[in-house]
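Taking it in order: structure first as structure tokens, then the write-up.
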Amino acid sequence: MKLKLHTALLAAVVASVGFSSVASAQKVYQVGSNMAFAPFEFVENGKPAGFDMELITAIMKSQGYEVELNNLPFDGLIPALQAGTIDIAMSGMTITEARKKRIYFSEPYYDNGLVVMVRAADKKKYAKIDDVKGVTLCAQIGTTGAITAQQMSGKKVKLFNNGPEAFLELNNKGCEAVIHDKPVVNYYVAKRGGKGLVVLPGQLNSEKTGIAIMKGNDKLLKIVNDGLKKVKANGEYDRLYKKWFGQ
């Protein structure tokens, strides 16, 4: 399992032609991920870590393939798929009808949902989700969290490249709340420096998470779905789930 950290702007990512979109001949698939989304994907000691990173490696290994993991901006993943610079996007991506018009999704592999995080000092002021409607919100660009935040507060939304940047802005009182994925927020509060932040009761919605593939690549879609089915059947999925989510 290899890791390449790409920090170029989106335009450079899309323009890149260094990776083949037909990786089956060399049996190494290029996987793109925004590795600032713990516990799904993050960089630890210079190496990729997290549920998604281990799961996609196991899925492809079960089908006889290797993967090379590439760290890309989240809003650059679909353009990179469409340009053929990556073969697979594995990044906690919610399956939506709008995205399905642009890319293929595997069968869902995780049930997710959006939650609201506020400063602990404000938990009486913002006791429930409806209390943050209309206030300044932070979210990650290109995500369903960003769309939901804009629906709740219109133009009073600050967008960031990743979740940790949004969390930091909340800590610094640059916004009143963050809209983000439940497991990521919970993991941050519990294990990654989220002292002073709390999650409000309830969820804004329920979402299905899928593995993204270039539209039209039916062969790769079958490989991924077959691999996902296999790791669920042999217990590897459950092992990884328990490791990263503790359930």
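A few notes on this one:
- Candidate set from the stretch 40-71 (those that are within 23 Å of residue 185 (Cβ to Cβ) and part of a loop (DSSP other than H, G, I, E, B)); member that is nearest to the chain's Cα centre (by Cα): 40
- Residue 230 being under 19 Å from the mean Cα position of the chain (by Cα) and among the basic types (Lys, Arg): no
- Test for residue 231: is it closer than 30 Å to residue 158 by Cα, of a type in the set (Val, Ile, Thr), out of contact with any Lys or Arg (no Cβ under 6 Å at 6 or more places or on another chain) and part of a helix (DSSP H, G or I): no
- Qualifying residue in the stretch 165-179 (condition: among the acidic types (Asp, Glu), more than 19 Å from the chain's Cα centre (by Cα) and surrounded by 15 or more Cβ atoms within 10 Å (Cβ to Cβ)): yes
- Subset tally (residues that are outside any strand (DSSP E or B) and either surrounded by fewer than 20 Cβ atoms within 10 Å (Cβ to Cβ) or not acidic (Asp, Glu) (or both)) for the stretch 72-128: 37
- Screening 149, 190 for residues that are part of a helix (DSSP H, G or I), at pLDDT 95 or above, under 21 Å from the mean Cα position of the chain (by Cα) and among the hydrophobic types (A, V, I, L, M, F, W, C) leaves exactly one candidate, 149.
- Count of residues meeting criterion [in a strand (DSSP E or B) and on the phi > 0 side of the Ramachandran plot] in the stretch 162-182: 0
- Close pairs (6 angstrom Cβ cut-off, 6 or more residues apart or separate chains): touching a residue at least 24 places away in the same chain (Cβ under 8 Å) in the stretch 101-129, part of a loop (DSSP other than H, G, I, E, B) and of a type in the set (A, V, I, L, M, F, W, C) anywhere: 105/95; 114/204; 116/200; 129/200
The values are calculated or read from the model by the stated rules, or taken from the named source; none is laboratory data. Fair warning: this is a prediction, and the values are worked out from it, not measured in the lab. Here Cβ is always computed from backbone atoms with ideal geometry, including for glycine, and neighbour counts include all displayed protein chains.
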